[in-house]
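What follows is calculated from the coordinates using simple rules that are stated; it is not laboratory data. This one's a predicted model, so the numbers in the text were calculated from it and none came from an experiment. Methodologically, a virtual Cβ is constructed for each residue, glycine included, from the backbone with ideal geometry; neighbour enumeration extends over all protein chains shown.
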Number of protein chains: 2
Amino acid sequence: MGTEALDEFSLIRLLTGGRQSPAFQRAGGVVTGIGDDAAVVEVTAGRQLILTCDTMTDTTHFTPVTMRDRDIGFKAMASAVSDVAAMGGTPRFALVSLSMPRSYPVERVHSLYEGLYDCANRFGVVVAGGDTTSSSGGLTVSVSVIGETEAGGALLRSTAVPGDVVFVTGELGNSAAGLDWLLSRRAPASSWEDVWAGADVELRPLIEAHCRPLPRIEAGELLRQSAWCHALNDVSDGLASEAWEIAEASGVGMDLLEERIPLSDALCRHAAAAGKEPLDYALFGGEDYELLGTAPAEHAPALQMKFKDAGMPLYLIGVVTAEAGSVRLIRSGGDTVPLEKKGYNHFAG
Amino acid sequence: MGTEALDEFSLIRLLTGGRQSPAFQRAGGVVTGIGDDAAVVEVTAGRQLILTCDTMTDTTHFTPVTMRDRDIGFKAMASAVSDVAAMGGTPRFALVSLSMPRSYPVERVHSLYEGLYDCANRFGVVVAGGDTTSSSGGLTVSVSVIGETEAGGALLRSTAVPGDVVFVTGELGNSAAGLDWLLSRRAPASSWEDVWAGADVELRPLIEAHCRPLPRIEAGELLRQSAWCHALNDVSDGLASEAWEIAEASGVGMDLLEERIPLSDALCRHAAAAGKEPLDYALFGGEDYELLGTAPAEHAPALQMKFKDAGMPLYLIGVVTAEAGSVRLIRSGGDTVPLEKKGYNHFAG
């Protein structure tokens, strides 16, 4: 059997399940281990570290057509930082591991690091170390990020409660639509900037969403500080998949309202031109890195006000139900359709 | 220019130099950043975290002839844990990033994780998270380890002082000799166990040194607690290279005594059979993961006694001199020869 037969979670379970007992992990300081966006560990009373890592590899995550070298670096850092945002934490330190062919051009690696640091500096992350090795295959960049919260502050995905509203911190589907356009264009990503010099300027938000996503650290911190947020995830694998993750981890159901799911004008224009359904990008596309979460309905207005005051949007897109195993989309016309658990999956393809 | 034209340190300098000012890093909590075995960061007063990562890739670090899958996992964890030992720290948490072809057999990944956890459990390291992705090339495994010490406790490589003795915690060259034998044998590493059923049982320590190295955490902690250790490194790139690293980082010189460098009987027998110089394996081979350090001469006897009491060897193999830029070998016959800075280098080959 090859790993393509398993989804990522099954593989992780297969590889890590039962290896170290919960008691061992607790004794070792783990507050939240494998199974959420990042691990929470306690080294000193009162403070908790958030540990996470994210890897991007040639062909699977990027090609010369979809990303410039500096985008690869930026996004590798952004996706690991986003895991810290998804815990409501503050990212502090990063370790970067780069493995690449011996003949890999230095200018390209340099550009990649330019992007890594661009993202790290934007979020106050110190690149504290790393490792570079040669590989016989393509480029692989792995970023570990260490973040922190006060003890007990981390926001998990397993704490949604029936009656909660479901919210998202920004438009969904832009990244997948941008990828779609880049792939259909088939031109080197290095000619990217030409796009907004020409008639395609309106595509810019889609391409930027795919190549230079901005993790929602500020939103995550606001949610943690509000003490009103129940469950939280970042949207790395599409809304449907993330909604299922929260629902399953929390033992609840979720109803999402089609008309409330925020889609950008650029996405809708691209979808129309490509003859595709705009909502599909949001539901099944992924890599948006917005935060998807739940909060008690009574605090939703105040939470939206907090976000408004901070200059950030917060869209209420659904409700948490008591029906475990039911994640549904309420269509604009009123029809209710079950949502499939699919999203982007590296192993099941 | 390709990366093969640069050694790893030059590449790291090129990629990270000047990106984040020392003031920014200090403000971010970095006590020791890029340039030592691992980074030391301070999150809470009184405790310091040690952050490090290490990557192993197909062909560069292992082949089907040199390592079984469980050895790959064991050694990937061991080499990252060894960086914590080299700081005198205690390893606490690990993040594992695995990238592999979609068709990679699950049993093989499972064996690899078997080895990862075998090593982690042996050293009390909690595997707190990770990431698995598919790759178009071979297997890449990257392990980040978070360790800790009391504030100010980490042992650096830049603190050797003229007059110090140079010590090492175990025999050197075994790993390189083991690799040599495995490569010359050209049989699948999975048939490894046959070796000690047969006439080659005496090779076992060499092969184990290469495939399942044991990081010297206990020795590192003892050195830190003694408060007598000045500089410390782990021997990942050969004695010559590591001696140069300490000498350069500390602005000192080093004289090593050939007759004091500990070589195993197995190594000497293998070298004789292979028609090679035993000492070359120790000086230029690498991946021994013993600790190489310096300590004030007046405390050397007491330090050796402490090690003896703990059931561990400590070999005194040289002295630190004031002659910066001079790393020499004093031959058994009395000749003095300059030692080349070479060692295993992934990029300069």
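Computed quantities for the displayed model
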| item | result |
| --- | --- |
| Segment B:36-150: relative contact order as a whole-number percent, Cα under 8 Å and 6+ apart | 41 percent |
| Antiparallel bridges, percent of DSSP beta bridges restricted to chain A (to nearest 5) | 75 percent |
| Check: chain B dipole with +1 on Lys, Arg Cβ and -1 on Asp, Glu Cβ, in debye | 540 debye |
| Kyte-Doolittle mean at least -1.0, axial Cα span of 20 Å or more - DSSP H helices of chain A | A:69-85, A:106-122 |
| Spatially proximal lysines relative to A:K308 (Cα-Cα < 29 Å; intrachain offsets below 8 disregarded) | A:K75 |
| Once exposed loop GluC sites (Glu not before Pro) are cut out (DSSP; at most 15 other Cβ, 10 Å), longest piece of chain A | A:1-192 |
| Fewest-first ranking of B:I50, B:I317, using other Cβ atoms within 10 Å as the exposure measure | B:I317, B:I50 |
| Nearest beta-carbon to the B/A symmetry axis - residue in chain B, distance in Å | B:G137, 1 |
| Pairwise centroid distance, computed over Cα atoms, of segment B:230-250 with segment B:94-113, Å | 32 Å |
| Nonlocal amide H pairs with A:L51, under 5 Å, H built at 1.01 Å | A:A39, A:V40, A:V41, A:G147 |
| In sequence order, calculated HN-Hα J values of segment B:59-65 (Karplus, 6.51, -1.76, 1.60; Hz; x Gly/Pro) | 6, 5, 10, 7, 9, x, 8 |
| Interchain or long-range residues, amide H under 5 Å from A:G318's placed H | A:V166, A:L257 |
| Residue exposure sequence - A:D58, B:D200 - by fewest surrounding Cβ within 10 Å | B:D200, A:D58 |
| As computed over chain B, the Cα convex hull volume per residue (Å³) | 154 Å³ |
| Charged-residue dipole, Cβ positions (Lys, Arg, Asp, Glu), segment A:141-229 about Cα centre, Debye nearest 20 | 220 debye |
| Average beta carbon contacts from partner chains per residue of B:45-53, 10 Å cutoff | 5 |
| Position B:E42, label points 7 Å along Cα→Cβ, spacing to each other copy in nm (shortest first, one decimal) | 2.4 |
| Averaged over A:146-156, number of beta-carbon atoms from partner chains that fall within 10 Å | 1 |
| Calculated log₁₀ intensity ratio I(q)/I(0) where the Debye formula runs over C-alpha points of segment A:164-338, q = 0.08, 0.11, 0.16 Å⁻¹ | -0.26, -0.48, -0.94 |
| C-alpha center-to-center spacing [segment B:114-151, segment A:267-318] in angstrom | 35 Å |
| Those lysines that a straight Cα-Cα span of less than 23 Å connects to A:K341, excepting residues fewer than 8 apart in one chain | A:K276 |
| Other copies of B:G17: label-to-label distances in nm, shortest first, labels 7 Å along the beta-carbon direction | 5.0 |
| Contact order normalised by residue count of segment B:250-321, Cα under 8 Å, 6+ apart, percent | 61 percent |
| Dipole magnitude of the protein assembly as shown, debye to nearest 20 (Cβ charges: Lys/Arg +1, Asp/Glu -1, about Cα centre) | 180 debye |
| Paired Rg and Dmax values of the protein assembly as shown, which use every Cα atom, in angstrom | 26.4, 93 |
| Top positive-direction residue, dipole computed over segment B:36-150 with Cβ charges, set B:T52, B:I146, B:S97 | B:S97 |
| Rel. contact order, % - alpha carbon contacts under 8 angstrom, at least six apart, chain A | 23 percent |
| 10 Å Cβ neighbours from other chains, averaged over peptide A:112-123 | 2 |
| For A:V65, B:V319, B:V252, order by how many other beta-carbon atoms lie within 10 Å, fewest first | A:V65, B:V319, B:V252 |
